[in-house]
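What follows is one structure encoded as structure tokens, with my remarks underneath.
Every number in this text was worked out from the coordinates using simple rules, so none of it is lab data. Keep in mind that what you see is a predicted model, and the values were worked out from it rather than measured. Don't worry about glycine lacking a Cβ; one is built from the backbone with ideal geometry, like all the others, and counts go over all protein chains shown.
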Amino acid sequence: MAAKPKPEAGNSDFFQDATIHDLRLAAMFRRGFRQAMIQINRSLAQHDLSPLQYHLLLEAGAAGTEGCVQGDLADLIQAPEARVSLMVHELNARRLVRTLRSAPDRRMVRVGLTEAGCRVVEAALHAQRAALHELAQDFDVPGVAQMLRGAVQLYLGVDIAEEGRL
């Protein structure tokens, strides 16, 4: 006699335990974060900037008139120094940054924004804000606040509902 095939397992056979709330919260938070990052990257592309180039420009701009040492930029944006050197060269060719060699060690390169670089960064920042504002129109504000509270509690272990926290 031939063995009967076992019926296909239904959805009720999938594993679930008390962590379901945390998993749903984490999934919702990650989904929202991913949607926001897609919108941010699209707005950067409108300004012909990669996310890493934008981060480099932000850090160089944040350093003010002193600029930032190129090696320090690599640490700040968590990218290899060779990649940062290439980006600085590309952004310099676009006249968005300027580089200066410091005495006495001429190997040390300082990177700072040009006026054009400042305008591009500002325009990209405003484009990101507009894109995120449009994305936020679809969110239920109390739901987003609850999601953020839950995400901070889940990921950081901090209850921001308590007075005096965060």
In nm², what is the average projected area of the convex hull enclosing the Cα atoms of the range 83-122?
2.9
Whole-number percent relative contact order across the range 56-108, with pairs defined as alpha carbons under 8 Å at least 6 apart
25
Phi to ³J(HN,Hα) by Karplus 6.51 cos²θ - 1.76 cosθ + 1.60 over the range 59-71, Hz, x for Gly, Pro
5, 5, x, 5, 6, x, 6, 6, x, 10, 5, 4, x
Between Asp72 and Leu125, how many nm apart are label points set 7 Å from Cα along the C-beta direction?
1.9
Just from the alpha-carbon atoms, what are the Rg and Dmax of the range 1-113 in angstroms?
24.7, 90
What is the set of long-range amide H partners of Val97 at a cut-off below 5 Å, with H atoms built 1.01 Å from backbone N?
Asn92, Thr114
